[in-house]
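Visitor: Dropping a structure here in structure tokens format, bear with me for questions.
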Amino acid sequence: MTAETHAIVFDMDGVLIDSHPVHRAAWREFLRSLSVDVSEQDLAFILEGGTRTDILRHFLGELPQAELVDYGRRKDEIFRSMEHEIRAAPGVLSFLRELERSGLARAVATSASEIRTASTIERMGMGGYFDAVITAADVVVGKPGGFTGLALDLILAAKDKPSGFRRPSAEPWRVGDPLQITNS
């Protein structure tokens, strides 16, 4: 981080928490319950930052809203039954404490629901470390498009996949690249 950095925005799944194996298992079980068998390669789509509705449509096609809601509820029930396996990413709590001491603003931007985000942040011991939390409920378009133009002048992104955030120029941030942007 440089002296010009004012904030850091974290993705939740795969950055703050090690949840990808549980997401894969829950989606696999849900899809199998519908007799939809997907390869590991196809299942990688779930980690690209889309909303649950985007993922359902990807695997099942266009569905009536009532069916999307029902399937989403069923998938979430499966996920919740496995949620106890999720852990904070190694070193993330000490890193968040250091960032808090530094005075750098901290935010979460995730395609997860507001309820799951809040409960996960609390359960992982991360409550109180974030100045802002942006969830799927806060955007019309999921990642990457939904998180462009954040109100911060200069930010640093912590993201597990390049698909998650995009600069206003539409260039993806790359994993491990501490990129700063402005809203100009």
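The values are calculated or read from the model by the stated rules, or taken from the named source; none is laboratory data. As the structure is a computational prediction, the values presented were derived from the model and not from experiment. Reconstructed Cβ throughout: ideal geometry from the backbone, glycine too, with neighbour counts over all protein chains shown.
Visitor: Looking only at residues that are among the hydroxyl-bearing types (S, T, Y) and not in a loop (DSSP other than H, G, I, E, B) in the stretch 109-130, which one is nearest to the chain's Cα centre (by Cα)?
Guide: T117
Visitor: Sticking with this one: Specify which of the listed residues (E67, E83) is farther than 17 Å from G14 by Cβ and either without any contact (Cβ under 8 Å) to a residue 12 or more places away in the chain or among the charged types (D, E, K, R) (or both).
Guide: Testing whether each residue is farther than 17 Å from G14 by Cβ and either without any contact (Cβ under 8 Å) to a residue 12 or more places away in the chain or among the charged types (D, E, K, R) (or both) leaves just E67.
Visitor: Let me ask something additional. Can you tell me which of E62, E85 is under 24 Å from F130 (Cα atoms) and of a type in the set (D, E)?
Guide: Criteria check complete, one pass: E85.
Visitor: Give the residues of the stretch 39-76 that are crowded, with 16+ Cβ neighbours inside 10 Å and in contact with a Leu (Cβ under 9 Å, 6 or more places away or on another chain), sorted by residue number.
Guide: Listed by number, the residues that qualify are L43, R52, T53, L56, F59, L68, Y71, G72, K75.
A quick yes/no check of all residues on (1) farther than 28 Å from R73 by Cβ; (2) at pLDDT 70 or above:
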site	(1), (2)
V92	yes, yes
E100	yes, yes
I121	no, yes
F130	no, yes
V133	no, yes
D160	no, no
F165	yes, no
A170	yes, no
